[in-house]
1. Do we have residue 101 as crowded, with 23+ Cβ neighbours inside 10 Å and either at pLDDT 95 or above or closer than 13 Å to residue 38 by Cα (or both) here?
2. Does residue 156 fit the bill of being of a type in the set (Ser, Thr, Tyr), on the phi < 0 side of the Ramachandran plot and in a helix (DSSP H, G or I)?
3. Which one is surrounded by the fewest Cβ atoms within 10 Å (Cβ to Cβ), of the residues in the range 33-51 that are under 12 Å from residue 133 (Cα atoms) and in contact (Cβ under 8 Å) with a residue 60 or more places away in the chain?
4. For residue 212, all conditions in the list (1) assigned to a helix (DSSP H, G or I); (2) modelled with pLDDT under 95; (3) in contact with a helix residue (DSSP H, G or I) (Cβ under 9 Å, 6 or more places away or on another chain) hold save one; what is the number of the exception?
5. Condition first: of a type in the set (Phe, Trp, Tyr) and within 17 Å of residue 19 (Cβ to Cβ). Now tell me which residues in the range 172-213 satisfy that.
6. I need a count of the residues in the range 105-134 that are touching a Ser or Thr at 6+ places or on another chain (Cβ under 9 Å), free of Cβ contacts under 8 Å to residues at least 40 places away in the same chain and surrounded by fewer than 16 Cβ atoms within 10 Å (Cβ to Cβ).
Amino acid sequence: MSVSSIAARARSVRQRLARRYPKPRTELTWTTPWELLVATILSAQCTDVRVNTVTPELFATWNSVEQMARAEPAQIEKVIRSTGFFRNKAKNLHASASRIVTEFQGQVPRTMEEMLTLPGVARKTANVVLSNAFGVQAGIAVDTHVKRIAFRLGLTAETNPDKVERNLLKLFPQQSWGAVNHYLVLFGREVCVARKPRCGGCELADLCPRIGATSPSASTAT
């Protein structure tokens with residue numbers, strides 16, 4: 001298929017999903033950029049629903065980045081245990097908080113370059129925080145939902161999240177990058193699910209070259 005045909009398909013996908021999700025947003029619960037960063041780190045290999053049950057106690061116990069920087073990782077572990085990989089996540093939360101306090105005057109950084117210096121933060125997490133907290137469209141966060149649907153719709157043939165992102169950035173206007181992430185994540189949870197996609201009621205069925213297909217396996221980018 002030609003590049004122009006793929007671009008036309010991407011445009012139709014964005015238009016249809018924009019109608020389906022007129023006010024797309026992350027399903028993580030947060031009130032500050034720091035809280036969103038914490039929730040996004042915790043969401044790796046964990047559902048947003050589970051993260052949202054854990055963060056109220058976490059933020060009540062350490063209600064600022066400065067307090068988290070002073071906490072003991074072992075204390076953080078106890079609160080976030082149910083999110084999985086809790087030791088590594090606790091270490092990264094503590095280390096990120098410490099770096100934000102010492103290097104960024106207690107403020108979550110607003111550029112991709114600076115975000116990627118935080119422990120436990122890769123492009124996916126950085127994109128989620130930059131877009132949702134600051135309105136900075138630095139890229140498209142690629143999780144398993146985004147990767148799966150992009151592959152099924154023929155928008156990419158890649159499996160590496162960074163390469164998938166590069167393909168998608170060429171297909172969508174920059175001002176829509178954050179919304180596109182939400183569109184694909186929400187659609188992946190509700191319709192184009194991993195094991196048994198609901199193709200019969202899918203408004204993108206006529207655009208999909210892989211109706212009923214399953215995506216290639218790969219790990220989630222954080």
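1. So residue 101 fails the test.
2. The answer is no for residue 156.
3. Checked the range 33-51; the qualifying residue surrounded by the fewest Cβ atoms within 10 Å (Cβ to Cβ) is 33.
4. Result: residue 212 fails condition (1) only.
5. 172, 183, 187
6. The number of residues fulfilling the criteria is 1.
The values are calculated or read from the model by the stated rules, or taken from the named source; none is laboratory data. A quick note: this is a predicted structure, and the numbers were derived from the prediction, not measured. Glycine gets a Cβ as well: all are built from the backbone with ideal geometry, and neighbour counts include every protein chain shown.
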